[in-house]
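Contents: one structure, followed by commentary.
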Amino acid sequence: MQARRACACPCFLSKLNPAERNGQMFKRLALTAVVCALLAFAGCGKAPEQEMQMANTAIEAAKTAEAEKYVPDIYQMAMDTLNAAMAARQETDSKFALFRSYGKSKEMFLRAEALAKEATDAAQAEKERVKTEVLNLLAQAREALDSANAALSKAPRGKGSKADIELIKNDFNAANLTYQEASSDYEAGKYAAAKTKLDGVIRKAQSILEEIKKAAAKKIGK
Amino acid sequence: MRLFLIITAGVIFLAAATVLFFPHPNPPLTLLENVRSALNQAQRAGASHYAEESYRTAQELMRFGWMEMARQNGRLAPFRNYRKADSLMNLSLTMANQATDDAQKRLGYLDSLTRGEQADFENDLLLWREVLDGSLIKFKAERFLSLASQLLEIGELLISEREYEEARQTIAKGRESLLLLSDMVSQYTDYDAQNISIWQSWVQQTLANSRAKEAYAVIIDKSAHKAYLVRGGKLMHTYICELGYNSSHHKLFAGDGATPEGKYKITAVKRRGSKYYKALLLDYPNRSDRNRFEESKRKGIISPHARIGGFIEIHGEGGKYKDWTEGCIAITNGEMDHLMQYVTVGTPVTIVRRSVQWP
């Protein structure tokens, strides 16, 4: 009873002699310290700064590749994932140090980076596709104009048809001017405008060929 | 000691119970979803282009609200307060809806503005076509009208693709073409005004000669597309005639499509053998034409290899209601028969661009 009173240690140690008691206590304290340190290290995980940086860089690259314009859905998904990752990180930051775990936000940053890269690739591919499409249209329009020009130079110029041919020449010149404008638009990266203009040029070149045929038929008929 | 332990355990228990059972607010997840959906709607409405400022602000506000919500989520339940996140997201929602409205208004405005400009341009083009229809300058004007028509067509295509800025630029180019046309027409009418007295004097001389000799003469007014048969200085008959397809100027060389202007005479009457029913051959080129031709060559107005041309006739096969010849004057076969009853070799034929003699 007296020993119990003299002892300030927990009761289960009171049955041991003082030397054993000190040894046991030291061991338990050391164990507790190790567990606490482990918990602290486990809890205070390192913030995913590098992953965040990489995700942001990837988003910037997607912006530069005009992903918002060419692949808005994938770009939006990447942005949403980045925002969610930032929110997860913010949530973790707000927690007590012992309970912090950035695993979720790290994973989301990696996902956002992957999506942003996907958006960049898809935007570049889409841009390339549109560019190729316009390039093909440019070639088609050139071919149509060349055919119209060849037909114009071969068209029979006689009384009655010469005036018609001369008027068709004006249409050809106008179409040629529009073609040059479309080429400039293509060079400036204005693919949508170039495409629309080239559609108009091809249509006009075809109508010119029809007109020449009519004028030639008129001449033969004469 | 025991009491101390009991009290500590009690306090811990109470704290845990408070944390677990204290009525804490829910994060504004529904609001966040609404904001995201509003932003998507704004994006689809073209806000990222047509209402960029409000769209980007809405995006930023959503991000701030989201971060604030996350910050509160990380706190212990009793200490969470989503009021700031709520107001940020509500602001973002308002701004996103505003961006959608702004984009739609801007698009609507651009649409009506561009369509209005297109309609005005189309009207002007139609008006020009109407005004120039049947005029001598029509052939030359066609260069500008063709370009304007093509640009009108491209403008329409661009509007249908909602490429309003490009469409407006295209319309502006079309208008430039009409302005150039307007300049050309002004120059042409100025030239006409300066020379009307010369043409009028030719007409007066022809009438005076006809009067003096009580003879037949033919006067052709190119602008009016009329040929007048006169006898003794008096009008006997009017014929509607068709001219060279490019008759806004005096004939300069072979193949220019212009009908000559000057005082000529009939040199041959072809009652048969003409490709165009019957024909009256004129003495083009006369001395005056040759002088003008040589001068034009010297001045470099025409190619040094150009030929002066010839075989300008008044012939049949007219009635096409357009200027289609290489420079001859065409009337209908019936009118050709009528004219040939009165004219013969040596009958004067005066061709003027404009005359004020008869309406």
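Taken together, the values in this text are just the output of simple stated rules run on the coordinates, not laboratory data. Values in this document were obtained by computation on a predicted structure and should not be read as measured data. Virtual Cβ from ideal backbone geometry, glycine too; neighbours counted across all protein chains shown.
Here are the numbers for the structure shown:
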{"read-out": "Spherically averaged projected area in nm², based on the convex hull that wraps the Cα atoms of the stretch A:150-196", "value": "3.7"}
{"read-out": "Percent of C-alpha pairs per 5 Å bin, the stretch B:202-257, short to long", "value": "5, 19, 22, 18, 15, 12, 7, 1"}
{"read-out": "³J(HN,Hα) computed for each position of the stretch A:161-173 - Karplus, 6.51 cos²θ - 1.76 cosθ + 1.60, integer Hz, glycine/proline x", "value": "9, 4, 4, 4, 4, 4, 5, 5, 4, 4, 4, 4, 4"}
{"read-out": "Stretch gain in nm, segment residue B:201-residue B:87, where the contour uses 0.36 nm per residue and the Cα spacing is subtracted", "value": "32.1 nm"}
{"read-out": "Size-normalised alpha-carbon gyration radius of the stretch B:239-359, reference 2.2 N^0.38 Å", "value": "1.06"}
{"read-out": "Among B:28-41, A:80-93, the order from most to least packed when residues are scored by Cβ within 10 Å on average", "value": "A:80-93, B:28-41"}
{"read-out": "Folded to 0 to 90 degrees: helix B:164-213 orientation relative to chain B principal axis, Cα", "value": "10"}
{"read-out": "The stretch B:69-80 - phi-based ³J(HN,Hα) in whole Hz, Karplus 6.51/-1.76/1.60, Gly and Pro as x", "value": "4, 5, 4, 5, 4, x, 8, 5, 3, x, 9, 6"}
{"read-out": "Lys, Arg +1 and Asp, Glu -1 on Cβ, resulting dipole of the stretch B:234-359 about Cα centre, debye, nearest 20", "value": "300"}
{"read-out": "FRET efficiency, residue B:236 to residue A:180 (Cβ-Cβ, R0 41 Å, nearest 0.05)", "value": "0.15"}
{"read-out": "Amide H contacts under 5 Å for residue B:241, placed H, 5+ residues apart", "value": "B:226, B:227"}
{"read-out": "Within straight-line cross-link reach of residue A:131, lysines at Cα separation under 18 Å, skipping those fewer than 8 residues along the same chain", "value": "A:69, A:190, A:195, A:197"}
{"read-out": "Packing-based order for B:333-344, B:247-258, using average beta carbon neighbours within 10 Å, highest first", "value": "B:247-258, B:333-344"}
{"read-out": "Compactness index (Cα Rg / 2.2 N^0.38 Å), the protein assembly as shown", "value": "1.82"}
{"read-out": "Residues B:121, A:109 arranged by fewest to most Cβ contacts within 10 Å", "value": "B:121, A:109"}
{"read-out": "Selection from B:54, B:40, B:65 lying farthest towards where the dipole of the stretch B:1-78 points positive, charges on Cβ", "value": "B:65"}
{"read-out": "Chain B: angle of helix B:2-21 to the longest principal axis, Cα-based, in degrees nearest 10", "value": "20"}
{"read-out": "Reciprocal of mean inverse Cα separation for chain B (Kirkwood radius, Å)", "value": "27.4"}
{"read-out": "Proximal aspartates and glutamates relative to residue A:95, as straight alpha-carbon distance under 16 Å, when same-chain residues fewer than 8 apart are discounted", "value": "B:68"}
{"read-out": "For chain B, calculated [θ]222 nm from helices alone, where every DSSP H run of n ≥ 4 adds -39500 (n - 2.57)", "value": "-20000 deg cm²/dmol"}
{"read-out": "When each of B:138/B:270; B:140/B:320; A:154/B:270 is checked by Cα-Cα distance, pairs over 29 Å", "value": "B:138/B:270; A:154/B:270"}
{"read-out": "Calculated from backbone phi, Karplus (6.51, -1.76, 1.60) coupling profile of the stretch B:51-60 in Hz, x at Gly/Pro", "value": "9, 4, 4, 5, 5, 5, 4, 4, 4, 5"}
{"read-out": "Spatially proximal aspartates and glutamates relative to residue A:63 (Cα-Cα < 19 Å; intrachain offsets below 8 disregarded)", "value": "A:51, A:73, A:80, A:113, A:118, A:121, A:126, A:128, B:52, B:53, B:60"}
